[in-house]
Structure formats: C-alpha cells, structure tokens
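Nothing in this text is a laboratory measurement; each read-out follows from the coordinates by a stated rule. It should be emphasised that the depicted structure is a prediction, and the values quoted were computed from it without experimental measurement. With ideal geometry, Cβ positions are generated from the backbone for all residues, glycine too; neighbour counts draw on all protein chains shown.
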Amino acid sequence: MKMKDTYYSLHVGQWLCACLILLCALTAACDDRPDNMTVLDEWPEMYPNYINASIPTDMTPLNFSLTANDVEQIDVRVVGSMGGQLHSSGKHIELDKKEWRSMLERNVGRELTFTVCAKKKGEWVRYRDFQVSVR
C-alpha cells in the first residue's frame, strides 16, 4: 500500500508543478511590454515634470501622464536605491499610495529611479531613466 501512495503523490506533485509552470507562462504572455524595444536618449515629456526633482517623505505619489498625443500606453517602474519597487501601467500613471509611502520611508536621503516606457503606434520605446531624490 505504501508504494501505491508514493506513486500517487509523485503524479499529483508533477501535475501541480506543470500547472504552476503553465500559469507563469500565461501571466508572462499577458504582459504587453516587450523585452526588446527602442531605447531613446531623451527624457520623457511628461506632466507634471518630476525629472531630477527633490521631494519630502510626506509627498503624495508622483502620478503623471506623457504629453505626446500618440502615446497608447505608459509603463513605469520605480526602484528605490535602498529597496522597494513599484509598477504602474496605463494611459496615465497612478502609483499605489501605501506602497509609495513605504518606499519613501525606506529611501530617505537616497534616490528613486524611474524607468518610463511608452507604446507609440504599436511600438514600445524606453526613455532615459531619471532620478528623484527623497529628503
């Protein structure tokens, strides 16, 4: 009886592992942002413009939009030099307030790096990263 139970457990474990791999693959396939994109050596034109700003720790999230008319979607990643990462994607960028506050507290006296990508005419471009200092 013990050998049959072990055999059954192995097949259930393999089935669960296969389901997990499939779920990860499907999740990755849903990401509209490609790995290879055109990298531009220019700042994103955004409103409000936060490029190289210095902000206090009680600052509200730095939500923004790109000003170009041909932008279909924006994808932003914010990484703190002392930890933390935020992601937002859509027509306008809106960062989660609770996660933003936590990131600011961890990065007092340090910098946050913003990576901004935009989908224009069906193609993705990545702008030059910019920093925001947390004081």
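Entry note, region 61-126: relative contact order of 40 percent, from Cα contacts under 8 Å with a spacing of 6+ residues. Each part gets one Cα centre, and for region 98-135 versus region 67-84 those centres are 6 Å apart. Going by a ≥ b ≥ c, the root eigenvalues of the Cα gyration tensor, does region 36-135 fall in the rounded group (a/c under 1.5), the prolate group (a/b larger than b/c) or the oblate group? Since a/c reaches 1.5 and a/b is larger than b/c, the shape of region 36-135 is classed as prolate. Which of the three applies to region 89-134, rounded, prolate or oblate, going by the alpha-carbon gyration tensor with a ≥ b ≥ c and a/c under 1.5 meaning rounded? Oblate shape, in that a/c is at least 1.5 and b/c is the bigger or equal ratio.
With 0.36 nm allotted per residue and the present C-alpha distance subtracted, the GLU123-ASN49 stretch has 24.3 nm of extension available.
Other residues with beta-carbon under 13 Å from the beta-carbon of LEU86 carry, at +1 per Lys or Arg and -1 per Asp or Glu, a net charge of +1.
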